[in-house]
Protein chains: 2
Amino acid sequence: MPELPEMANLARQMNRELKGKVVAGVEVRQPKVLNGPEEQFRGLVLGKAFDAVRSKGKWVMAELLPDAHFLLSLGMGGEALYHRAGEVLPERYQVKFTFSDGDSLTINFWWFGYAHAVRAADLGAHRMTAELGLSPLDDSEFTYDAFTAVLEGRKGGIKSFLMDQKNIAGIGNVYIQEILWNARLHPNRRITDIEPAQMQVLFKEIRDTLRKATDLGGLIYERDLYNQKGRYEIYYLGAADGKAVCPMCGAKIEKLKSAGTPSYICPTCQK
Amino acid sequence: MPELPEMANLARQMNRELKGKVVAGVEVRQPKVLNGPEEQFRGLVLGKAFDAVRSKGKWVMAELLPDAHFLLSLGMGGEALYHRAGEVLPERYQVKFTFSDGDSLTINFWWFGYAHAVRAADLGAHRMTAELGLSPLDDSEFTYDAFTAVLEGRKGGIKSFLMDQKNIAGIGNVYIQEILWNARLHPNRRITDIEPAQMQVLFKEIRDTLRKATDLGGLIYERDLYNQKGRYEIYYLGAADGKAVCPMCGAKIEKLKSAGTPSYICPTCQK
DNA sequence: AGTTGCAACAGGGA
DNA sequence: CTCCCTGTTGCAAC
């Protein structure tokens, strides 16, 4: 489940490691992860040099000079791993870049990931990245005013709102549990039913939760560019087996379905 | 509640009474019931002769020679009344046609009706009539095959399907109660959950219910072109006050909300 | 654990 | 008892 914290760290590491590297070889084992014919992808990537690598929501966006961008989404799970020349590569990957110095990058999707390449002029037409909403860790963009502005007029449940990437970019079904528990909000709580004071708390918890997870290197069961685990532990670990209790009140964590996906809540703390 | 039976009878009566009559005068008291500026409506109607008058779904469609059509929907209630020259007109109406022989037609909407006029060439662009679905009393059109064809792939509740004018034209929130009770189907019953044998029954009851009501001159509380009441009595009369019982089993008729509108069902007979 | 697109559903307004 | 529009929700697909 790579969400904003994992992808932000991955982008930072890729930016440090790959900037200036020239793509000498591309291997695509599963062309359906691309956004077009394999030949077009190769044409956009081969011979190009990685420049600034950033993240936006659950996407890593790398500039390829000249004239292209490489866009990576790990979907429902996967890793992007960096390998020094001569290191043993993992057996399983869908896409591999080899650089002119012999280093390489393997990208593995457990399920439904995207490795896209676009011309620089077409970046704005790449809807999955172009239509992303607010970046929660950008303090100049994610202000309380901006947050309430996108909330304006919305009437649905708070979980489905926060998970919609067009509203806020980067929250998936793992961190939403943390955020809502931290804010003491039930996932089915109607937006129109949340008091301003509580909305302020929610705003703060979105930022703080994602920032803390990013600072801790992401989730404890995810891997970064160097195949290192993160140190952020989710509070409801084991809830799927009915073994988790609320760290605040000790009540048993309950599983329910909300916005189409499973949710885990403390029935006493979250209203 | 003028639905298919009332409108079919109204069209038949108008066809008999108005064919050949020339529109000598038009009075529009409430221009918002028109589909354009009042002057345009007058231009399309004045001096024209009524020709064939037919019905389709809840609409009466009259040919005006040359080159126009008059389209009438009584919405949530109302009457179209014919008056011989010299008769006293009702006080309340939104639109009145006066014919060259002194006879007249008054149209009264209780709520949300439409009196539209279009050029013959624009009839196909009049979406509210052009997009109507199957005509249940047209035996060559409303076959069981055609019925199952529009049902193909649908997964919602049966009531919302039958009330959608794009599927079958003419069923409103009155006759749907009769049809579903006759077919022993609960309004919320999933389409995918209805056995073929029961679907056959439903098909038959759509036809038979609407045909019987048409033959009886429509609902007992509606008025035809000659201000005469119909003779079709709904089975759940008084259900809104909790006073109706099922004619079959004697259980109290229950009120519930289905597809956004009230429904009345026998809790034991309709599953 | 992800996103898209579509059908189904509900609410408000004319 | 009408219809249309819009936003929301649920589902199947990739």
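Brief remarks follow.
- Here the Debye sum runs over all C-alpha atoms of chain B as equal scatterers in vacuum, and log10 of I(q)/I(0) at q = 0.09, 0.13 Å⁻¹ comes out as -0.44, -0.87.
- Note that the protein assembly as shown, at 10 °C in a medium of 1.306 mPa s, gets a Stokes-Einstein diffusion coefficient of 55 µm²/s from its Kirkwood radius over C-alpha pairs.
- Distances between equivalent label points of residue B:238 across the copies, with each point positioned 7 Å along Cα→Cβ, amount to 6.4 nm, shortest listed first.
- Neighbour-count ranking [beta-carbon atoms within 10 angstrom, fewest first] of B:131, A:63: B:131, A:63
- Position residue B:140: other-copy label points at 7.3 nm, ordered by increasing distance, label point 7 Å along Cα→C-beta.
- Unsatisfied cross-links (Cα-Cα over 32 Å) in the set A:155/A:204; A:166/A:229; A:229/A:255; A:56/B:166; A:56/A:243: A:56/B:166; A:56/A:243
- Rotationally averaged projected area of region B:4-130 (alpha carbon convex hull; nm²): 6.8
- Alpha-carbon centroids, region B:222-271 and region A:183-213: separation in whole Å: 47
- Nearest-first distances (nm) between copies at residue A:66, label 7 Å from Cα via Cβ: 6.8
- Spread of Cα-to-Cα distances over 5 Å intervals beginning at zero, given as percent, for region A:124-262: 2, 9, 17, 21, 21, 15, 10, 4, 1, 0
- With the biggest extent put first, the Cα atoms of region A:64-141 measure 42, 30, 25 Å across the principal axes.
- Between the alpha-carbon centres of region B:1-57 and region B:58-121 there is a gap of 4 Å.
- Highest mean packing first, where packing is the average number of other Cβ atoms within 10 Å per residue, the peptides B:4-13, A:185-194 line up as B:4-13, A:185-194.
- Placing a pseudo-label 7 Å from each Cα along the Cα-to-Cβ vector at residue B:164 and residue A:40 gives an inter-label distance of 3.4 nm.
- Among residues of chain A, the one whose beta-carbon sits closest to the A-to-B rotation axis is listed with its distance in Å as A:156, 10.
- Applying 1/(1 + (r/R0)^6) with r as the Cβ-Cβ distance of residue A:84 and residue A:143 and R0 = 35 angstrom yields a FRET efficiency of 0.25.
- Whole-number Å³ per residue for the convex hull built on Cα positions in region A:108-187: 143
- The simple spin-label model puts a point 7 Å past each Cα toward its Cβ; for residue B:252 and residue A:212 those points are separated by 5.4 nm.
- Of the complete DSSP H runs in chain B, none spans 27 angstrom or more by Cα along the long axis with a mean Kyte-Doolittle score not below -0.5.
- With a Förster radius of 60 Å applied to the beta-carbon distance between residue A:195 and residue B:22, the computed FRET efficiency rounds to 0.35.
Laboratory data are not the source of any read-out in this text; all were calculated from the coordinates shown. None of these values were measured; they are calculated from a predicted model. In this analysis, Cβ positions are derived from the backbone assuming ideal geometry, glycine residues included, and neighbour counts consider all displayed protein chains.
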